[in-house]
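> Structure below; questions to follow.
The values are calculated or read from the model by the stated rules, or taken from the named source; none is laboratory data. Please read all numbers here as calculations on a predicted model, not as lab measurements. We place every Cβ from the backbone using ideal geometry, glycine too, and count neighbours over all the protein chains shown.
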Amino acid sequence: MSTTEGPPLIPGAEAKKISLDRESAGAHRRGGWFNGLGQRWNALPRQKQWFYLIIIVVLAYLLPVVNPPFISTEPGNNWPLACAQMSIYALVAVGLNVVVGYAGLLDLGYVAFFAVGSYTAAMLTSPDSPYVHIPYLWTLPVAMGVAMFFGVMLGIPTLRLRGDYLAIVTLGFGEIVRIMATIIPAMKGQVGFQNVGHPPGTDAAGNAIFLNSNGTPWYWLTLSVIIVVLLLAGNLERSRVGRAWIAIREDEDAAEIMGVPTFKYKVWAFVIGASVGGLSGALFAGQVGFVNNQKFDVVTSVLFLCAVVLGGTGNKVGAILGGALVAYIPLRFTAIAEYKFLIFGVALVLIMIFRPAGLLPARQRLLAYGRAAYNKVTGRKGVGDAGGSRAMSTRVSDEEKGAQT
Amino acid sequence: MYRKKVSTTLAVAAALGLLLSSCANQPGTSGSGDTAGAGAGAANKVNIPALTKIDTPAGAVLPKGDGKGKCPATTTLAYAGAETGANAQLGVNIFNGIQLAINEHNAANPGCQVQFKKYDTEGDPNKATGPVTQVVSEPNIIGVVGLPFSGESKATGNIFEQKGLVHITPSATGVSLTTNGWTTFFRGLGNDGVQGPAAAKFLTGKLEAKKIYVVQDDSEYGIGLATSTSAGLSSALAGTEKVTTGQKDFSAVISKIINAKADAVFYAGYYAEGAPFDQQLVAKGFTGTFIGPDGVKDDQFIKQAGDASNNAYFTCPCIPGELIPTFETAYKKLANAEPGTYSIEGYDAATVLLSGIDAGKQTRPDLLAWVKSYDKDGLSKHYKWDSKGELQAPTVYGYKVDNGKIVPVGPIGE
Amino acid sequence: MLPSLLASMPMDNDWISFDVPSLIENFWSATFDGLTFGSIYALVALGYTLVYGVLNLINFAHSEVFIMGCFGVWFTLSALNFGPSAPHLGFWAIVGNLILALVVGMIVSALTAVIVERVAYRPLRRRNAPRLAFLITAIGVSFSIQYLLYLWRGPSPERALTMFHPTPIFDVFGTIIDSQQIVIVVAAVIMMIVIDLFISRSRTGRGIRAVAQDPDTATLMGVNKERIIMTTFIIGGILAGAAALFYTMKIPSGVQYNGGFILGIKAFAAAVLGGIGNVRGALVGGLLLGLIGNYGQILLGNSQWTDVVAFLVLVLVLILRPQGVLGSSLGRSKA
């Protein structure tokens, strides 16, 4: 056994099949709700999926306004602000999911990109910084760009490492970024940057809309960003790049032999993940309105990873759920402040023991052939196995085949 | 395998035995490790007598007022600040002080039962906006005591400002806090710009230090204080060094201090790092004076530094509440502990707000106006703020460690 | 845009220096302190390395196994009337008390390790969970233990304990080496040697190596895999308990609910640096990490550089030698 590689982060096809069999057998015994939901969802025709999706999105947009009792984080924490925090964590999780979930690269230093994004936004908008100032919304692409640059800088030397070696190196990188923010005077350490910029716009009374005490607009902004990122990530997942990532995740050597330029695609995953990290960092900086080095420690990095794995590694919807949950639990239990992290720790253990693949486990699928092929493989005749959707996915796969040759 | 484990233990025993041989008679020979007061650091210690009582202003305003207060049952005051986290102790000291003031008020005023709510920020600027927004969005809360730390105050001051909610910080001493144009921010004590020069004067004057090493942590508080103290020390400054929040090992900094032959060290930071720092400093043979600001002045410092703390002095813009007998007994009864640093500041700040409620100022704008024009004695000092929210006549006290306790040595820097 | 950006950079350069004279002046004291810390890292690193070798799992909860040991040591010594000042005891009394504390620390740590294994990892193994699930469980356990300690003992560190006053033993080029440093380094090295012998010579050690090499084949050959795993956790716990005593000796006020976390990360880095899964690698990695960090902070003029330098060296070593300094193979170590 070679300890440098270890088994893949997600069990191979074999184990998957076994666990799938077992899951379908015991679907009603435990956690059947989620699994059943996933299967029913896949069985729905496209139109109906869109219909339900729109309802879900509308509900998601209404979340901070509704302030559902019991779920609400009040009275300990302001609910719209909690929603904003949850959405930012969800975005982080979507980005990290590209690195960990798709490409199978264990990144424990993701907070570094988040920090880079935050500092970019802060240093380009805060009155505390002596540099050039640009409007806040422009800092979002700039933060993505800077984070991508750091992604390349870190990725090129380290992505030749595998598995847990990569984990400790990225963890070290995260720490280095945080400590540098402390040491370098221009980054102001714990003193930090105050009054970070925000998007323009004032309400009827002449107050700015995007205040650090008003979570709702920030939540809506972040949610919209998440939807855009999800659409892009979904396309990427079904593209050649996405297939290359899955090949790398499942067996890097095999992928290499089959002609997948693994190193290139690993750097791609890293860089794309980094850009989303930078984007979420910039949003976070704007929302809190204050940036200093205290947020970017190892614990935060570990929490990000927890978000991805909790939701279901490799499943972007799961990542959103996981990210929101990781932000939510401590905020919800602020009233019993002393217990909140204990509850969080116990919740992590319990979820992993009872749902080892996460709340919404990723399905191993032949993505290019879509649901039609999936249904054939699993031998199920879905309700919505309509000709339309089958024809569509076949056409897509043909196009992609053409693109490959 | 059992045998192997035993042999491990034996091996260690042998190793310890071999090397401890010279330690056994050690306590007797070097003189350290004796009873408190004769630690290694005591050699050069200038002895300043401890203060045993302080004068409280005769007409000090107390929370109980005249007993005729009338207010709706929903009237609420809040504390926002650390309840958990690494620096929670300071928060505990403060909200116990507030709780005491509110209890005394409610007991004496049957017609006005003020409620008290606490919001946890963990002392972290990144987490403070959520709880603070919650505070300002609850209409019943008309006044706040907090936030305790400069960083979180900085991150959230504008939220209070937007909603016109008055807040009095009992402990945040960052100088820049009053330069943001906030009209709702009031500081119940002197800032670092007052404390730093006072500390410098104390060191070169009463403590007769000639070569002083200034060590700062990476907090805004530590950096600001180190800067203002260094400026006050001028030629007596032997060098400066930086440490980090959460640092546990200070050997590199310490060897520099010892090589520089400094006779006093000023540590600008909090006790969490200050205590192990002093402990290691003395363990490495430093015999001079250790002096820390209000962030270090805490019983936790003595608990963690042990004997080494015998060389320690403190400066603090806080008043020794434990020397006010009525306050001390009442606090002890409530919290089952001696009043800590800033307990009395929390008590006094709450008193200012409570007296406003009793005087009929029961909306946010009224209470804000009340605090703005407040001009009375509190239990600890006179409270009257200038237009920026700074106290007009803050005092800085010196403290020292005596017999395992922190005792005041009187006002300094005057 | 760029020139104006550069022009507005504050030219404050005292955050980094390249102070070679200072390094030369403080070289030996940095070396001995670095070795002392390095030995503590090495002991903790062994726990990571063994579990990793056998289960291919980063046992994130090992830092809590360590901190539980610290609490065990602290309570024992407190009960024996050790306090902030060293007690007036004869030589053998001190040795006896310290050994008692060592044993208690080892038992507490080993127990914690076993409980963590039983409660958190075994159910996952039964379910054939993906590796990331183990990692997250480990993190969850780590959080749970930390905050149980927090609820029990509060946020502040425990009262400082001085076990004995370090006395100068001998002098190397003008730098005094004290008894404390020697006790820690020598005891740690002896323990590492014993463990190394145990792994390579004893029957159980052979079992550990067999499971590390190929768990399925080992099971077929009659090795009780579950028992081997348990033994591995116990050994890791025992060493963490020993590290706990030395750590409390070196940093008397380090016993705190979250005091293990950062040390755990550095110990894990040390294990990787030496070659994870390799027992001798843990020793080499630990000592190297301790030394490099100490030299780095003196050379660059600020104690905050310690971790930066340590991690940079780790990255460099891994790029040049992806298997760590000594290579990573618990399974393939000499039979």
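> Out of C:N294, C:N302, C:N258, report the one residue that is within 7 Å of another protein chain (Cβ to nearest Cβ) and not in a helix (DSSP H, G or I).
C:N302
> Further question: If you scan region B:161-199, which residues turn out to be of a type in the set (G, A, S) and surrounded by 22 or more Cβ atoms within 10 Å (Cβ to Cβ)?
Let us first name the residues in region B:161-199 that are of a type in the set (G, A, S), namely B:164, B:171-172, B:174, B:176, B:181, B:188, B:190, B:193, B:196, B:198-199.
Hits for region B:161-199 are B:S171, B:A172, B:G174, B:G188, B:G190, B:G196, B:A198, B:A199.
> Quick one: B:G85 ticks every box in (1) in a loop (DSSP other than H, G, I, E, B); (2) over 16 Å from the mean Cα position of the chain (by Cα); (3) within 14 Å of another protein chain (Cβ to nearest Cβ) except a single one, so which number is it?
(2)
> I'd like to verify a number: residues in region C:179-222 that are outside any helix (DSSP H, G or I) and modelled with pLDDT under 90, how many?
The first filter runs over region C:179-222 and keeps only residues outside any helix (DSSP H, G or I), leaving C:202, C:214, C:221-222.
Next, from what is left, pick out any that are modelled with pLDDT under 90: C:214, C:221-222.
The total comes to 3.
> Name the residues in region A:94-145 that are polar (S, T, N, Q) and within 30 Å of B:N180 (Cβ to Cβ), would you? It would help to see each step written out before you state the result.
Filtering region A:94-145 down to residues polar (S, T, N, Q) leaves A:97, A:118, A:120, A:125-126, A:129, A:139.
Passing the criteria: A:S118, A:T120, A:T125, A:S126, A:S129, A:T139.
> Identify, from the list B:D299, B:D348, the residue that is within 19 Å of the chain's Cα centre (by Cα), modelled with pLDDT under 85 and at negative phi.
B:D299
> Then there is this: Quick one: C:I292 ticks every box in (1) under 20 Å from C:G34 (Cα atoms); (2) hydrophobic (A, V, I, L, M, F, W, C); (3) at pLDDT below 90 except a single one, so which number is it?
Here C:I292 meets the rest and fails (3).
> Taking C:L35, is it among the hydrophobic types (A, V, I, L, M, F, W, C), over 19 Å from the mean Cα position of the chain (by Cα) and either more than 23 Å from C:I190 (Cα to Cα) or more than 8 Å from every other protein chain (Cβ to nearest Cβ) (or both)?
Numbers: among the hydrophobic types (A, V, I, L, M, F, W, C): yes; over 19 Å from the mean Cα position of the chain (by Cα): no; either more than 23 Å from C:I190 (Cα to Cα) or more than 8 Å from every other protein chain (Cβ to nearest Cβ) (or both): yes.
Taking the combined requirement at face value, the residue does not satisfy it.
> Looking at the structure I just gave you, is C:I115 crowded, with 21+ Cβ neighbours inside 10 Å and more than 7 Å from every other protein chain (Cβ to nearest Cβ)?
When the stated conditions are applied, C:I115 does not pass them.
> Collect the residues in region A:287-313 that are away from chain B (no Cβ under 12 Å) and among the hydrophobic types (A, V, I, L, M, F, W, C), keeping them in residue-number order. Lay out the reasoning, then the answer.
First, the residues of region A:287-313 that are away from chain B (no Cβ under 12 Å): A:301-313.
A:V302, A:L303, A:F304, A:L305, A:C306, A:A307, A:V308, A:V309, A:L310 - these are the residues of region A:287-313 that are away from chain B (no Cβ under 12 Å) and among the hydrophobic types (A, V, I, L, M, F, W, C).
> Restricting to region C:74-101, give me the number of residues that are away from chain B (no Cβ under 13 Å), assigned to a helix (DSSP H, G or I) and hydrophobic (A, V, I, L, M, F, W, C).
Total satisfying the criteria: 2.
> Determine, yes or no, whether A:V260 is outside any helix (DSSP H, G or I), in contact with a helix residue (DSSP H, G or I) (Cβ under 6 Å, 6 or more places away or on another chain) and surrounded by fewer than 23 Cβ atoms within 10 Å (Cβ to Cβ).
In short, yes.
> Quick one: in region B:235-291, of everything that is among the polar types (S, T, N, Q) and under 19 Å from the mean Cα position of the chain (by Cα), which residue is nearest to the other protein chains (Cβ to nearest Cβ)?
My answer is B:T244.
> Suppose the filter is within 10 Å of chain A (Cβ to nearest Cβ), surrounded by fewer than 21 Cβ atoms within 10 Å (Cβ to Cβ) and under 21 Å from C:T112 (Cβ atoms); does C:L148 pass it? Quick ask: steps written out before the conclusion?
Numbers: within 10 Å of chain A (Cβ to nearest Cβ): yes; surrounded by fewer than 21 Cβ atoms within 10 Å (Cβ to Cβ): yes; under 21 Å from C:T112 (Cβ atoms): yes.
So C:L148 fits the description; yes.
> With respect to A:L91, determine if the residue is on the phi < 0 side of the Ramachandran plot, part of a loop (DSSP other than H, G, I, E, B), crowded, with 17+ Cβ neighbours inside 10 Å and in the same structural domain as A:L211 (by TED's automatic domain parsing).
no
> Restricting attention to region A:324-336, does a residue exist that is assigned to a helix (DSSP H, G or I), assigned by TED's automatic domain parsing to the domain that holds A:G281 and without any contact (Cβ under 8 Å) to a residue 12 or more places away in the chain?
Kept after step one, since they are assigned to a helix (DSSP H, G or I), are these residues of region A:324-336: A:324-332, A:334-336.
Filter again for assigned by TED's automatic domain parsing to the domain that holds A:G281, leaving A:324-332, A:334-336.
Restricting the remaining residues to those that are without any contact (Cβ under 8 Å) to a residue 12 or more places away in the chain gives A:336.
Scanning region A:324-336 turns up at least one residue that is assigned to a helix (DSSP H, G or I), assigned by TED's automatic domain parsing to the domain that holds A:G281 and without any contact (Cβ under 8 Å) to a residue 12 or more places away in the chain.
> Look at B:G274 and say whether it is at negative phi, part of a helix (DSSP H, G or I) and surrounded by fewer than 24 Cβ atoms within 10 Å (Cβ to Cβ).
Values: at negative phi: yes; part of a helix (DSSP H, G or I): yes; surrounded by fewer than 24 Cβ atoms within 10 Å (Cβ to Cβ): no.
So B:G274 fails the test.
This table checks each residue for (1) within 22 Å of B:G151 (Cβ to Cβ); (2) in contact with a Phe, Trp or Tyr (Cβ under 7 Å, 6 or more places away or on another chain).
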site	(1), (2)
A:D297	yes, no
A:T313	no, no
A:V317	no, no
A:F341	yes, yes
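> Are there any pairs, at least 6 apart or on different chains, whose C-beta atoms fall under 6 Å, with the first in region B:367-396 and not assigned by TED's automatic domain parsing to the domain that holds B:V175 and the second assigned to a strand (DSSP E or B) and of a type in the set (S, T, Y), and if so, which?
Listed by first residue and then by second, the contacts come to B:V396/B:T315.
> Kindly indicate which of C:L289, C:L245 is part of a helix (DSSP H, G or I), away from chain A (no Cβ under 14 Å) and buried (at least 24 other Cβ atoms within 10 Å of the Cβ).
Of the residues listed, the single one that is part of a helix (DSSP H, G or I), away from chain A (no Cβ under 14 Å) and buried (at least 24 other Cβ atoms within 10 Å of the Cβ) is C:L245.
> Can you tell me which residues in region B:251-271 are farther than 17 Å from A:I183 by Cα, out of contact with any Lys or Arg (no Cβ under 6 Å at 6 or more places or on another chain) and either at pLDDT below 85 or not hydrophobic (A, V, I, L, M, F, W, C) (or both)?
B:S251, B:S255, B:K256, B:N259, B:K261, B:Y267, B:Y270, B:Y271
> Output the residues belonging to region B:189-221 that are more than 14 Å from B:V265 (Cα to Cα) and within 14 Å of chain A (Cβ to nearest Cβ).
B:D192, B:D218, B:S219, B:E220, B:Y221
> For B:N126, only one of the following conditions fails: (1) under 29 Å from C:P157 (Cβ atoms); (2) buried (at least 20 other Cβ atoms within 10 Å of the Cβ); (3) out of contact with any Ser or Thr (no Cβ under 8 Å at 6 or more places or on another chain); (4) more than 8 Å from chain A (Cβ to nearest Cβ). What is its number?
Failed condition: (4).
> Output yes when any residue across region A:144-153 is away from chain B (no Cβ under 14 Å), in a loop (DSSP other than H, G, I, E, B), modelled with pLDDT under 95 and surrounded by fewer than 24 Cβ atoms within 10 Å (Cβ to Cβ), and no when none is.
No, the conditions are met nowhere in region A:144-153.
> Name the residue, out of A:I353, A:I320, A:I336, A:I329, that is among the hydrophobic types (A, V, I, L, M, F, W, C) and at pLDDT below 80.
Exactly one of A:I353, A:I320, A:I336, A:I329 is among the hydrophobic types (A, V, I, L, M, F, W, C) and at pLDDT below 80, namely A:I336.
> Tell me which residues, restricted to region B:295-349, are more than 13 Å from chain C (Cβ to nearest Cβ), without any contact (Cβ under 8 Å) to a residue 60 or more places away in the chain and of a type in the set (D, E, K, R).
Listed by number, the residues that qualify are B:E322, B:E328, B:K332, B:K333, B:E338.
> Being touching a Gly at 6+ places or on another chain (Cβ under 6 Å) and assigned to a helix (DSSP H, G or I) is the filter here, so list the residues in region C:273-286 that pass it.
C:L273, C:G274, C:G281, C:A282, C:V284, C:G285, C:G286
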